[in-house]
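Comments concern the structure below.
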């Protein structure tokens, strides 16, 4: 019923939307310039028609973030979600670099071989930073941009400098603690009733993948995205993005706050900001219908 590359405890999922979503996850081998073997890359694809809509997940997460939003969009449009290099259920091959640069290289290779046409690129949290960086580097691949409670104005995590051996393993062990992850989930939602046992399992399944800890340490030590997507050597890079951009932001975001939403609107030349009330950091999970419809209305 479930793909063999998913961890065995996927069998413990209980909510129908989670079970159905997990059963549709696929893998494809992607050749890149990063490493000689192809990288088995996990993704989901549903629906058909129109400009493809492609979702990028947040930090230490996976495509399971989109289990509530993608089925709504797929009724009308072709929609994808991709596990970024070093995250989710994409294989973490030995000797592969894990950084914002390698994520962009891998994503471009996936787009070039699988999607092959300009897309509506949707990035949430860290995935928003990845989407911005990708749009700057490969503008021909992006028709429109959607940022959902996006990172990009934040500095690299302070704990990054501590993610070195042996403290690196201690840090990732802390991040994998179920109580810690539950606390983060409760902070991410406005309505904490969304933090069910099934939701916690969806958020933690990828932790069972081989080399999860090593890849997370390597990515964080690289500096991740931080504020590099906003200010480079030539100043504000956001002004270079000409694509129409929709900014969706939970009005009660307690993870990134709400100040960055207006900063994005002011710095992106063709941006529109839409607030989602009674919603935290994850509108695509907490307000899936509103989020999906806002994207479909582009």
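Could you give log10 I(q)/I(0) at q = 0.13, 0.25 Å⁻¹ for the stretch 248-298, computed by the Debye formula over C-alpha point scatterers of equal weight, without solvent? Result of the Debye calculation: -0.29, -0.97.
Tell me, what is the Rg over Rh of the stretch 1-159, with Rh the Kirkwood radius over Cα pairs?
Taking Rg over the Kirkwood Rh, I get 0.94.
The stretch 25-48 and the stretch 191-221 have their alpha-carbon centroids 20 Å apart. Taken over the chain, the ratio of Cα radius of gyration to 2.2 N^0.38 Å equals 0.92.
Every number here is computed from the coordinates shown, using simple stated rules; none is lab data. Only a predicted model underlies this, so the values are computations on that prediction, with no experimental measurement involved.
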